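So the structure is just underneath, and the comments pick up after that.
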Amino acid sequence: MLTLPVFEWVRPESLDAVLRELAERPGECLLVAGGTDAVPNLKHRLHEPKRVVSLEGVAELREVREDDAGLHLGARVTLTELTRLPALQRDFAAVARAASMVASPQIRNMGTLGGNLCLDTRCTYYNQTYFWREALGFCLKKDGVICHVVPQGRRCVAAHSSDVAPALIAYGAQVEIAGPDGRRWVACDQFFVGDGIHNNILKADELVTQVLLPAAARGQRGAYRKLRPRNAIDFPMLSIAVVVRGDAARIDTARLVVSALGAKPRVLGGLDALVAGRQADETTFAAVAASAHKQCRPLTNVPYDDDWRHAMVPVLVTRALRDAFADGAA
Amino acid sequence: MSKPRAPRAAGARPKPATGPARAGMTIPEGRQMPDASRLTPPAHEAGRTGPPNGDAFHTIGKRNRKVEGLAKVTGRAVFADDLTLPRMLHAKLLRSIHAHARILAIDASQALAMPGVHAVVTGRDLPEYFGIIPWTQDEQALCESKARYVGDAIAAVAADSELIAEEALRLIKVSYEVLPAITSIEEALAHPENQVNEKASEGNLSKHVHLEFGPVDELLEASDEVVEAEYWYEGSTHAPIEPHCCVAEYDATGFLTVWSSTQVVHYLHRDLAKVLGLPTQRIRVIQPVVGGAFGGKSEPFSLEFCAAKLSMLTGRPVKILYTREEVFYAHRGRHPMLLHYRTGIRRDGSLTGTDARIAIDGGAYSSFGLVTTYYSGQLLTAPYAMPAYRFDSTRVFTNKPCCGPKRGHGSVQPRFAFECQLDKLAERIGMDPIAVRRKNFIGENTRTVNGLRVTSNGFLECLDAVERASDWKRRWRNLPYGRGLGVAGSMYISGTNYCIYPNEMPQSAVQLKLDRSGRATVFCGISDIGQGADSVLAYIVCEELGLDLRDVRVVAADTDLTPVDLGSYSSRETFMCGNACLDAARQLREQIASTLAERWGVPKGELVLANGMAVAASDPHKYAMTVKDAIQAAEAAHGTLGSVGWYQSPKLGGDYRGGTIGASPAYSFTAHVAEVDCDPETGEVTVKKIWVAHDCGRALSPVAVEGQMEGSAYMGFGEALFETHTFKPATAAHGPGIHHGPSLLDYRMPTSLDTPELESIIIESVDPEGPYGAKEAGEGPLHPSVPAIANAIHDALGVRCDRLPFSPPAVLALLQGSDARGAWERARLGHAGAGARG
């Protein structure tokens, strides 16, 4: 079977201890929570850390708390736990839905909110064994110099593949980052950057500690749609999160996030002009869908027909909007 | 290239064999069939198909547990990778990064210098060619002069651990001269000068077969309707959950033991002898519990030769476990086929002529390709009577992993094309496609146009069953747009009539031991790969001797302990080993029965051995004892108890070159109806349900048969909609032949959430020659899956899916590229019109 490389393994018991471990070997550590993505990546030699820092012993990261600010979710809350959290189902249904659509029950039992948020970008030319990548001639994300998706491209376009991130962004979630200089909050959509090699703002000595779904975001209608060949296991070929304030007779605002296209989730632009003050009907949905189709251009980074994925953008956007306004949707 | 410090067993470097004459076994020349007396199976008083003890079966036909089932579900079954021997080394294979390249030089000095590395072997250490078919032996354990696909094995390293072996691989320097690669059938035929495999007779031709039966052109001419179409069947792989694994131990006496996850212990035994230059009598091959195979383990692979050679060099046991990626490179999966069919029909629904032209992508080596090429035509001639039939099949070599036998070997692809043809023809003449199939039913106890003998045949009952269960008459052509039903039928062999290498010895044998402990032990070379082969033998012994399942042990697939069986391929085990076992068990039953009949003074025919008791039917209260006591009485009367049974199929097949390929002592028959629910906006096809009716002769254990039917239907469904064993086209930045994603993430087998409801309906035709009337169940039920789904998509959407897979992009493109809705409405009108004609 595929082997793991040799590395040092540490299991700190506190957040401070984690930060000390990271600071001690800057750039040479890999944080592991559930390990569902990190372990295969290690076996594929996509990560070659000197030290693997397990977050298993840090109790603080498992906290779930609701207060005036909103719903706080610790980074090490598992995806299965997210799907069963009443407060999340009630107020932020699209996040619960997204979490429920990750991989399989076993993987959701191990996989965590923080792990899914910080999921390494994925590409058909990258998520392969060392041997396969050697036959390919490697790529610029790891061990090589060229991009096989955009042959003349200088930037990695591996796909952001987190299911929970688009939903979190749609609700305006905040992400707490801890580092040697303390803690800071950033908006979830500012957390990601358009670089497939390292697609978030985390520095080598930092980690995500919790996510806040703000109180002000309650009372909206949310939906999440995921395009995948199979009804389980697969990463998104395309994902749509939508959050709407208003009702069927009159939409106030809408936020729509599309992902699994490039290195970061895309917040759809110009939406207010299409929806504000309008009815939630097929005409409105079609206008949003057409706009999404124009703004999104899938690449061959994800191992599925890119033209079909493009054709599915308006279909999924329409369906997500219908979901949001379906009876019982919150 | 072993290190000087590596210990070596005395006399451990025999010279390699130099030709077929050195092969471990002596094959008698001349006659290819045994003496006529051996071709007549032993007659039994109770007959072969009826119950041996009284009027009813006691074990046969019951929903019995599998003998190894509890060990598997409790994690106690011992697979090859569970074996660990003292001082065992681990080996890894270095594989080619080029699709086609000459190997100029290999420098392994740095790898050998690495601490923990014990030996390296290359093609030069194992130069002898091997191959499952004796006439097309074109493989070497490690490529000696040329690599023929990305992943072809070049060298092997034995080290203290897998990690060290893997790191050592990266230190081996291979100088390649990259050659132009052939990656498609078209390229293979257009560029014979770029020869993939030097053993080819010419260019890239692996095998060509042209056979013609009856006046094809004449009958096509005289048809009322002729449908001509081209079909593409995409390649797929078996993906057994257990990757290939073997452990080899060459001991100090020069005796080699190999444990391997194989389904052909006997053929592996022969090829190990040939390649390693060892006599067969100094090799023992053992098959541990196998975690699935589906045809993907039915020939020897690099790992077995390399582990054995490395053990011979180092004097230590060596294990090789393939990674999932390596399983994709070992492959031997479904051949991609381009199939061109012309089929004619008369207005009354009777078929006229069929003309098929088939191009087959074989990958880099022959494997079973000779047989595949014949099967692509030979196995289509039932369950429908074909007045005239011609096929022209060409298998070519390409620079891709070698294709081979996957469940339904060679005939799943033409079956897809032909059953779609039937659906189109039925539509042309306005006839219900089930009625067309009934109309052309070939019947029982008959011969096909190509000379295959058909005995029992329950195909009509299969059609009736799926028609009824799916409410076909009311729902076909009557469901709303997007939903549809489709039907298809098929037949398959219960074992091939001849051994892969010509010889006069039995195809299957059983030695049965019985003693005063009350325990029976069946020794048989049978390969259980999860289908329940071992269990079948146990059921038969229980039935014959009245024993409990717990009192029978099956010792299987160990060349030191068990008589030869040819292995688990072509759906032969139940039929052939089952017959061998039936004969062995019945001899012991006879000894017990005659002993008791004499002691009690009752006619032998009155004796019943069942549920642990032996009784005389006339007075079971007076004449009764436990089976254990009865066995002791028989042992006292006859001496030590033991028997031998064997199976040899009768002389069968057409009297022409290739006429024996496809000949089987019995054929199974299947019909499917599939129901689909399609999303015209996305092209997504959801298969809601498949009704599977299968004629397996007598079901020895219905639950095992149902498992095979469901598993087959699932596998076909996966090929229809999801699975593709394909390769990335070359670009300026990388070469050709790189697998699109050799992992279970990117090779998308359907999950349980994708899988339709499967309803299995067993049809029991009771074959006159099968053990208790049994026929095969493991491969036949796969065939109709794919065309039934294609035909259902047509009923749902009005598009014809002639190319696999029926993926959402493909179906959406078909919808957008045609007047699908119009075709859908016309099909309904045609059906309504046909209704008036009855």
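Filter the stretch B:562-582 down to the residues that are in contact with a Lys or Arg (Cβ under 9 Å, 6 or more places away or on another chain) and either within 18 Å of B:Tyr772 (Cα to Cα) or surrounded by fewer than 24 Cβ atoms within 10 Å (Cβ to Cβ) (or both) and list them by number.
Kept after step one, since they are in contact with a Lys or Arg (Cβ under 9 Å, 6 or more places away or on another chain), are these residues of the stretch B:562-582: B:565-566, B:568, B:571, B:574-575, B:579, B:582.
B:Ser571, B:Thr574, B:Phe575, B:Asn579, B:Leu582 - these are the residues of the stretch B:562-582 that are in contact with a Lys or Arg (Cβ under 9 Å, 6 or more places away or on another chain) and either within 18 Å of B:Tyr772 (Cα to Cα) or surrounded by fewer than 24 Cβ atoms within 10 Å (Cβ to Cβ) (or both).
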Report summary line: Counting only residues that are out of contact with any helix residue (DSSP H, G or I) (no Cβ under 8 Å at 6 or more places or on another chain), surrounded by fewer than 20 Cβ atoms within 10 Å (Cβ to Cβ) and within 13 Å of another protein chain (Cβ to nearest Cβ), the stretch A:283-318 contains a total of 1
Report task. Please indicate, with yes or no, whether at least one residue in the stretch B:321-328 is within 24 Å of B:Thr448 (Cβ to Cβ), surrounded by fewer than 24 Cβ atoms within 10 Å (Cβ to Cβ) and of a type outside the set (A, V, I, L, M, F, W, C). Result -> no
Query raised in the report: In the stretch B:799-834, which residues are more than 14 Å from chain A (Cβ to nearest Cβ) and either of a type in the set (Val, Ile, Thr) or surrounded by 23 or more Cβ atoms within 10 Å (Cβ to Cβ) (or both)?
Result: B:Val799, B:Cys801, B:Leu804
Report summary line: Requiring at least 1 residues that are closer than 23 Å to B:Tyr374 by Cα, the strands (runs of 3 or more DSSP E) wholly within the stretch B:170-259 are B:205-213, B:225-233
**Report entry** Subset of the stretch A:289-325 [farther than 24 Å from A:Gly153 by Cβ and among the aromatic types (Phe, Trp, Tyr)]
**Finding:** A:Phe325
Query raised in the report: Taking the stretch A:202-244 as the search range and keeping residues that are of a type in the set (Val, Ile, Thr) and surrounded by 20 or more Cβ atoms within 10 Å (Cβ to Cβ), which one is nearest to the other protein chains (Cβ to nearest Cβ)?
Result: A:Ile240
Query raised in the report: Is there a residue being in a strand (DSSP E or B) and either surrounded by fewer than 19 Cβ atoms within 10 Å (Cβ to Cβ) or under 23 Å from the mean Cα position of the chain (by Cα) (or both) anywhere in the stretch B:719-730?
Result: no
Query raised in the report: Could you give every pair whose Cβ atoms fall below 6 Å, whose first residue belongs to the stretch B:342-357 and is more than 17 Å from B:Ala435 (Cβ to Cβ), and whose second residue is at pLDDT 95 or above and of a type in the set (Phe, Trp, Tyr), counting only separations of at least 6 or pairs across chains?
Result: B:Thr354/B:Tyr389; B:Ala356/B:Tyr341; B:Ala356/B:Phe391
Query raised in the report: Looking at (1) in contact with a helix residue (DSSP H, G or I) (Cβ under 7 Å, 6 or more places away or on another chain); (2) within 14 Å of chain A (Cβ to nearest Cβ); (3) polar (S, T, N, Q); (4) surrounded by fewer than 18 Cβ atoms within 10 Å (Cβ to Cβ), can you tell me which one B:Ser618 breaks?
Result: (2)
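Could you check, for the stretch B:331-346, whether at least one of its residues is more than 14 Å from every other protein chain (Cβ to nearest Cβ) and assigned to a helix (DSSP H, G or I)? Please lay out each step first, then the result.
Here is the first cut: in the stretch B:331-346, the ones more than 14 Å from every other protein chain (Cβ to nearest Cβ) are B:331-346.
Add one more test, that the residue is assigned to a helix (DSSP H, G or I), and what stays is none.
The answer is no, given that none of the residues of the stretch B:331-346 is more than 14 Å from every other protein chain (Cβ to nearest Cβ) and assigned to a helix (DSSP H, G or I).
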Query raised in the report: Just one of B:Phe328, B:Phe305 is aromatic (Phe, Trp, Tyr) and under 15 Å from B:Lys92 (Cβ atoms); which is it?
Result: B:Phe305
Report task. Note down all Cβ pairs under 7 Å where the first residue falls in the stretch B:711-736 and is within 9 Å of chain A (Cβ to nearest Cβ) and on the phi > 0 side of the Ramachandran plot, the second is crowded, with 19+ Cβ neighbours inside 10 Å and assigned to a helix (DSSP H, G or I), and they're at least six residues apart or on different chains. Result -> none
Requested in this report: Considering only the stretch B:154-167, state which residues are surrounded by 17 or more Cβ atoms within 10 Å (Cβ to Cβ), out of contact with any Cys (no Cβ under 7 Å at 6 or more places or on another chain) and away from every other protein chain (no Cβ under 12 Å).
Outcome: B:Ala155, B:Val157, B:Ala158
Query raised in the report: If a residue has to be within 21 Å of the chain's Cα centre (by Cα) and closer than 24 Å to A:Arg230 by Cα to count, how many in the stretch B:761-795 make the cut?
Result: 7
Report task. Would you tally the residues in the stretch B:726-753 being under 28 Å from A:Leu140 (Cβ atoms), of a type outside the set (A, V, I, L, M, F, W, C) and in contact with an Asp or Glu (Cβ under 9 Å, 6 or more places away or on another chain)? Result -> 7
Query raised in the report: Mind checking which residues of the stretch B:680-703 are assigned to a strand (DSSP E or B), touching a helix residue (DSSP H, G or I) at 6+ places or on another chain (Cβ under 9 Å), away from chain A (no Cβ under 12 Å) and not small (Gly, Ala, Ser)?
Result: B:Val687, B:Ile690, B:Trp691, B:Val692, B:His694, B:Asp695
Report task. Tell me which residues, restricted to the stretch B:399-440, are buried (at least 24 other Cβ atoms within 10 Å of the Cβ), assigned to a loop (DSSP other than H, G, I, E, B) and over 23 Å from the mean Cα position of the chain (by Cα). Result -> B:Asn399
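What do you reckon, is B:Val289 more than 16 Å from the chain's Cα centre (by Cα) and closer than 30 Å to B:Ser393 by Cβ?
Values: more than 16 Å from the chain's Cα centre (by Cα): yes; closer than 30 Å to B:Ser393 by Cβ: no.
In short, no.
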Query raised in the report: Regarding A:Thr300, is this residue under 23 Å from B:Leu745 (Cβ atoms) and polar (S, T, N, Q)?
Result: yes
Report summary line: When A:Arg154 is run through (1) surrounded by fewer than 24 Cβ atoms within 10 Å (Cβ to Cβ); (2) part of a loop (DSSP other than H, G, I, E, B); (3) at pLDDT 95 or above, the failure sits at (3)
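Okay, residues lined up against (1) at pLDDT 95 or above; (2) part of a strand (DSSP E or B); (3) hydroxyl-bearing (Ser, Thr, Tyr):
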| site | (1), (2), (3) |
| --- | --- |
| B:Leu652 | no, no, no |
| B:Asp655 | no, no, no |
| B:Ser664 | yes, no, yes |
| B:Val676 | yes, yes, no |
Query - Single residue of the stretch A:119-151 satisfying the filter (hydrophobic (A, V, I, L, M, F, W, C) and part of a helix (DSSP H, G or I)) that is surrounded by the most Cβ atoms within 10 Å (Cβ to Cβ) - result: A:Phe131
Requested in this report: Just give me the residues in the stretch A:64-123 being without any contact (Cβ under 8 Å) to a residue 60 or more places away in the chain and in contact with a Lys or Arg (Cβ under 8 Å, 6 or more places away or on another chain), in sequence order.
Outcome: A:Arg76, A:Val77, A:Thr78, A:Thr80, A:Thr83, A:Ser100
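Restricting to the stretch B:59-83, what's the tally of residues that are closer than 30 Å to B:Asp160 by Cα and in contact (Cβ under 8 Å) with a residue 60 or more places away in the chain? Can you show your working first?
From the stretch B:59-83, those closer than 30 Å to B:Asp160 by Cα are B:72, B:75-83; that's our starting set.
From what's left, in contact (Cβ under 8 Å) with a residue 60 or more places away in the chain: B:72, B:77-83.
Count: 8.
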Query raised in the report: Has the stretch B:785-796 got at least one residue that is more than 10 Å from chain A (Cβ to nearest Cβ) and in a loop (DSSP other than H, G, I, E, B)?
Result: no
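In the set B:Ala733, B:Ala774, which member is in contact with a Gly (Cβ under 7 Å, 6 or more places away or on another chain) and surrounded by fewer than 19 Cβ atoms within 10 Å (Cβ to Cβ)? Walk me through it before giving the result.
On the way: B:Ala774 fails: surrounded by fewer than 19 Cβ atoms within 10 Å (Cβ to Cβ).
Unique residue meeting the criteria: B:Ala733.
The values are calculated or read from the model by the stated rules, or taken from the named source; none is laboratory data. The shown structure was predicted, so the numbers you read here are calculated from the model rather than taken from an experiment. Every residue, glycine as well, gets a Cβ built from its backbone with ideal geometry; the counts of neighbours run over all protein chains shown.
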